[in-house]
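Scroll down for the structure; my scribbles are underneath it.
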Amino acid sequence: MFLTFACTFTTDGLEAFAADHGANDVDFLVLPELFDGGYARLHRDRGPAPTISRLIDRLRQISQDRALHLVSGTLALPDEKAGVRNASLVFSRGKLAGQFAKTHLYRPLGDDQFFGSSPPGATITLPGPGCDLRIGVIVCYDLRFPETVRPWFKSGLDILFVPARWPRERDGVWRVLLRARAIENQCFVVGINARDNEGGGSYAYGPGGDEIFALGPDPLPGEPLWHTFTADLEDIARVKSRLDTRPDAKLL
């Protein structure tokens, strides 16, 4: 059973994907952290974009029109308790299936100036090809804290998404941590990074740590606005047939 993932990085890329009929077989569309302009826009506008409601409606519409799951990277979202959250909305074929907010705020970029911290939520279940898929989302700096994901692994996790604005000068660290989360949680890990001067490379890893997608940190001339890759869901069962670590995992 194969899944097809697409990733794009900006609102322009989102519209290019939506207009391309070659995108019909995509199961998941994934965007990076703060894809509507990054920290530069956040500092300029001092909070959520004035057009945030229209953008959320557009994400929902694309998910419905393409009959896919859409992991919205993150957006600055108003929140009654936290004020503003750096949060990812997950749409499934036009319906809001879940929300995940950044737990660990990265102070050097001003996260703590704009956002309240939110505890990790629970995984959500989405329909896949002949099976249900359990997914979770962590955001950028959260990747450095493996304890965030361990309860999800213990209860069952198939795909971990990591939208980010991870700087290209620390690309090696980004790749190592993504691969480590895949190996220790025996799941697919999809790290989609911003492609501007606040980001770098995007990578995906299988449950055994094999790299299944790599888009290097430096943009190339004429690079397409969106990319696709596939993953074989049977890889999870193959890895666990050799050694299934979940029964031995302890939440300390």
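The values are calculated or read from the model by the stated rules, or taken from the named source; none is laboratory data. These numbers were taken from a predicted model, which means no experiment stands behind them. Every residue, glycine as well, gets a Cβ built from its backbone with ideal geometry; the counts of neighbours run over all protein chains shown. Quick note on the areas: whole protein, heavy atoms, side chains included, nothing else; ligands and nucleic acids left out. Shrake-Rupley method; radii C 1.70, N 1.55, O 1.52, S 1.80 Å.
Between LEU243 and PHE145, the FRET efficiency from the beta-carbon distance, with R0 = 30 Å, is close to 0.75. Once backbone amide H atoms are built at 1.01 Å from N, ILE124 has ILE135 as its partners under 5 Å, excluding neighbours fewer than 5 places away on the same chain.
Given +1 at the Cβ of Lys and Arg, -1 at the Cβ of Asp and Glu and no other charges, the dipole of the range 23-130 around its Cα centre is 160 debye to the nearest 20. Taking the DSSP beta bridges with both ends in the chain, the antiparallel portion is around 70 percent.
Taking a ≥ b ≥ c as the square roots of the eigenvalues of the Cα gyration tensor of the range 100-228, is the shape rounded (a/c under 1.5), prolate (a/b larger than b/c) or oblate?
oblate
Here the simple spin-label model places points 7 Å from the Cα toward Cβ, and for ALA18 and ASP65 these points are separated by 0.5 nm.
For the range 1-93, the share of DSSP beta bridges that are antiparallel, to the nearest 5, is 55%. Per-residue ellipticity at 222 nm from helix content only, as computed over the chain with -39500 (n - 2.57) for each DSSP H run of at least four residues, stands at -7500 deg cm²/dmol. For the range 86-92, the Karplus equation 6.51 cos²θ - 1.76 cosθ + 1.60, evaluated at θ = phi - 60°, returns couplings of 8, 10, 9, 9, 10, 9, 10 Hz by residue, with Gly and Pro reported as x.
What accessible area per residue comes out for the range 26-161, rounded to a whole number of Å², with a 1.4 Å probe?
41
At full extension, SER155 and ALA40 could sit 37.6 nm farther apart than now, given 0.36 nm per residue minus the alpha carbon distance. Under the convention that each Lys and Arg Cβ holds +1 and each Asp and Glu Cβ holds -1, the size of the dipole of the chain around its Cα centre is about 700 debye. Expressed as a whole percent, the accessible area of the range 97-190 that falls on carbon and sulfur atoms is 53 (1.4 Å probe).
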